[in-house]
1. Rounded to the nearest 10 degrees, what's the angle between the helix 118-129 long axis and the longest principal axis of the chain, both from Cα atoms, 0 to 90?
2. Considering every pair of different Cα atoms, what Kirkwood radius, in Å, is found for the chain?
3. How far, in degrees from 0 to 90, does helix 314-329 lean away from the longest principal axis of the Cα atoms of the chain, to the nearest 10?
4. Give me the Å³ per residue figure for the convex hull around the C-alpha atoms of the range 134-308.
5. If R0 is 22 Å, what FRET efficiency do you get for Arg304 and Leu153 from their C-beta distance, rounded to 0.05?
6. In whole Å, how far is the Cα centre of the range 94-123 from that of the range 146-167?
7. Report the extension gain between Glu288 and Glu203 in nm, rounded to one decimal, defined as 0.36 nm multiplied by the number of residues separating them, less their alpha carbon distance.
8. From zero outward in steps of 10 Å, how is the percent of C-alpha pairs of the range 199-284 spread across the bins?
Amino acid sequence: MSSDAAAIPAAESGRLAVGIDIGGTSTRAGVVDEQGQILDKVRTQTPATASALETCLDRAVGELRERWPIEAVGLAIAGFLTPDRQTVRFSPHLPWREAAVAADLTERIGLPVFLEHDANAAAVAELHYGAAARGHNTLVLAIGTGIGAGLLLDGELYRGSFGVAPELGHLRLVPEGRPCACGKFGCWERYCSGTALVDHVVELVADGAGGGSALAREIGEDPGSLTGRRVAAAAQDGDPLAVAAFAEFARWLGLGLAMIGDIFDPDLVVLAGGLGAASSLFLDEAREHYRAMLTGAGHRKTARIRSTQLGEAAGVIGAADVARRELRAAPGG
């Protein structure tokens, strides 16, 4: 695991919690203080099995606990949780199925462990410390390996009747489209995510694009080197193939946001996650698509669409914030 510690005395940081953002590709853990500052962090690849993942989480907390007086742990999970947020029912990108993760890890780690959907965790962080502070009805999209969504109605998380809302990344935008890890075809996140960027590049090359592209030459030599981050880096350098892939990404983002605008009519959308932090590559174009495809375009107010203020740290900060607030709300907290 890689680590990074800040020289901030614990006495000046208030009550400390560990937030862990478990993504489909990587897992980030951080010690977070009451001001939403990350004091120390570690990062590792996300293991493929439940037992290996739980061992990884135990080790990450243990490493941070050696350096800081931790009181609780929050997990930001890309998946369906039970309404009491004790059990992971299903996750397209993680190995847990009907797993009592909160109780199991509380016993294993020896600290109270609280679960939250990853996009809800990002929404909580952006509400208290970032870009969602002034929103009335706010949608937070965490765009990384897939798409997670958190919806804040008058500052309160909307979870739906059974605790799984709003699972917007798996709205079916393309009938019989690309296969998704959830088991369906044509889900929004298969066209608007880090994984989707790779597919856009592959399809563009198959259609004859890529002339004059350094990225095309690189992936021709080593196809396994292609990742969403690599596409983003190439786009920042002006690579034409990567820029074209982001144009496709922006089109699908705008289309999905227009659909969501017709349903929820938010006044603010915050783009979080790894790609949300790179929004300069697609945000202006996505706004244009959103405004053009919204029902009643030109005759209604549209949502402000902003980039995250917390970057990829939103999930970690939000998970720790949830854990700290849950701990305080518990008897004797």
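1. For 118-129 against the chain, the angle is about 80 degrees.
2. Details: mean 1/r = 0.0493 Å⁻¹.
Roughly 20.3 Å, rounded to one decimal.
3. So the helix axis and the longest Cα principal axis differ by about 30 degrees.
4. Numbers: hull volume 21.2 nm³, N = 175.
With only Cα atoms used, the range 134-308 gives 121 Å³ per residue.
5. On the way: r = 16 Å, r/R0 = 0.75.
Efficiency at R0 = 22 Å is approximately 0.85.
6. The range 94-123 and the range 146-167 have Cα centres spaced 17 Å from each other.
7. Working: separation 85, 0.36 × 85 = 30.60 nm, distance 2.38 nm.
Extra length available between Glu288 and Glu203 comes to 28.2 nm.
8. 16, 46, 25, 11, 2
FYI, it's all coordinate maths here, none of it is from the lab. Model, not experiment: these values are computed from the prediction. Glycine gets a Cβ as well: all are built from the backbone with ideal geometry, and neighbour counts include every protein chain shown.
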